[in-house]
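The values are calculated or read from the model by the stated rules, or taken from the named source; none is laboratory data. None of the values given here were measured: they were computed from a predicted structure. So basically every Cβ, Gly included, is an ideal-geometry build from the backbone, and we count neighbours across all protein chains shown. Keep in mind that these areas ignore ligands, DNA and RNA; they rest on the heavy atoms of the full protein, side chains included. Shrake-Rupley method; radii C 1.70, N 1.55, O 1.52, S 1.80 Å.
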Amino acid sequence: MASRNTMGNTLGSGTAEVPDNRIGFCVEVIPQEVMEHIFLYVPVKDLVTSVTRVCKYWHRLLIEYRFWFIKAQAEGFNVSAAAKERLLEETNEALVLRILQGICGDYLHLNTNLILNPSGQEGFKHWTVKHGGDKIIVEDVPAGSDPIPDEAGLPTQHCFVTSYSTCIRIQVINLESIGLDPQIVDILKPKVHISEWVSARWDCHSENQVIVEFRGAENRNLVSMNWSSDKDDVIGSKWYKMEKVVVDYPRGLKIIKYSNVGKDRQFWAGHYGAKTAGSSVKLVL
């Protein structure tokens, strides 16, 4: 990869003036491979705001794509061969550097749950709620069902509980607001992992549906997952993971709308409907 004279990053823009420190490292007394190995242990924020200004030699190393691909792997991000090819084909070098630095510094929120308050630890904060029956509630500990299993990886036992008429909670994720511009999503094409843990009371059947809407620049599409406790292979009080991986979403993706719809199937007053926890939407490289 040829060296570049300009640099774009997630923390600033424009080309920084780099001191010509010929007494120090500009004379390249330390081999490139050694410097790159050292930089792997330096936080991305420091690399793009201060280290790159030390001298021209370091600056040149830190605007080469090769280093950032290596650092991404070291940080646990697996950039697919297809995404790497699209990055290398992109003519906007500042954008490519911003993407690579964003991946390495976790500024793009990849491989992390984009749903806020996924189990109701904060009540209904971040959710738009449409109550049915005796309304949705949040239980600190699931009543009438098993505890949420450890494999769910949730920090508490909080869960949402529905009632005898349809209850809906909605959360809208604006990707641009978290630094994932449509152009970045089109280049990286991450897989979208959707999941939710669900259970029912031992004494009342219930049902639950997750509907996810993807809104792109010109069109939109829907995916859904359905669960019911009266299926033959379901033990009512046990927790189950609903999950799906989506790769076919519109170009120019801007908005992901997550909806959870649930109720009990026996029309009992109170809160005998589906219990859900750990709502999750992840964009995974």
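Quick one: Karplus J couplings for segment 69-75, per residue in order, coefficients 6.51, -1.76, 1.60, θ = phi - 60°, nearest Hz, x for Gly and Pro?
5, 5, 5, 4, 5, 5, 8
Explain nothing, just compute: Karplus ³J(HN,Hα) = 6.51 cos²θ - 1.76 cosθ + 1.60, θ = phi - 60°, for every residue of segment 54-63 in order, whole Hz, x for Gly and Pro.
The phi angles translate into 5, 7, 5, 4, 5, 4, 5, 5, 8, 10 Hz.
Compute log10 of I(q)/I(0) for segment 137-285 with the Debye formula, placing one identical point scatterer on every Cα and leaving out solvent, at q = 0.11, 0.15 Å⁻¹, to two decimals.
So the normalised log intensities work out to -0.45, -0.77.
Mind putting a number on the dipole of the chain about its Cα centre? Charges go on the C-beta only, +1 for Lys and Arg and -1 for Asp and Glu, and I need it in Debye to the nearest 20.
Magnitude of the dipole: close to 500 debye.
In whole Hz, with x marking every Gly and Pro, tabulate ³J(HN,Hα) for segment 87-94 from phi via Karplus 6.51 cos²θ - 1.76 cosθ + 1.60, θ = phi - 60°.
Using θ = phi - 60°, the values come out as 5, 5, 7, 5, 7, 7, 5, 4 Hz.
Of all the accessible heavy-atom surface of the chain, with the other protein chains kept in place and a 1.4 Å probe, what percent is carbon and sulfur?
49
About its Cα centre, what dipole magnitude does segment 157-285 give when the only charges are +1 on Lys and Arg Cβ and -1 on Asp and Glu Cβ, stated in debye to the nearest 20?
Taking the Cα centre of segment 157-285 as origin, the dipole is about 140 debye.
Computed over the Cα atoms of segment 96-135, what is the ratio Rg over Rh, Rh following Kirkwood?
Using Cα coordinates only, the ratio equals 1.27.
Please list the non-local residues whose amide H lies under 5 Å from the amide H of ARG220, H modeled 1.01 Å from N, same-chain partners needing a gap of 5 or more.
Residues meeting the amide H criterion: none.
First obtain the Kirkwood hydrodynamic radius of segment 183-239 from its Cα pairs, then insert it into the Stokes-Einstein equation at 20 °C and 1.002 mPa s, and state the resulting D in µm² per second as a whole number.
Using the Kirkwood radius from Cα pairs, D works out to 154 µm²/s.
How many Å² of accessible area per residue for the chain, probe 1.4 Å?
Value returned for the chain: 49 Å² of accessible area per residue.
What does the C-alpha gyration tensor say about the overall shape of the chain? Classify as rounded when a/c is under 1.5, otherwise prolate if a/b is larger than b/c, or oblate.
Because a/c hits 1.5 or more and a/b exceeds b/c, the chain counts as prolate.
Report the relative contact order of the chain, percent, no decimals, based on alpha-carbon pairs under 8 angstrom and at least 6 residues apart.
Taking the mean separation of contacting Cα pairs over the length of the chain, I get 21 percent.
Give the residue from LEU100, ASN226, ILE184 lying farthest towards the positive end of the charge dipole for the chain; charges sit on Cβ (+1 for Lys and Arg, -1 for Asp and Glu) and the dipole is referred to the Cα centre.
Ranked along the dipole, the leading option is ILE184.
Place a label point 7 angstrom from the Cα of LEU88 along the Cα-to-Cβ direction, then list the residues of segment 243-285 whose backbone nitrogen is under 20 Å away.
285
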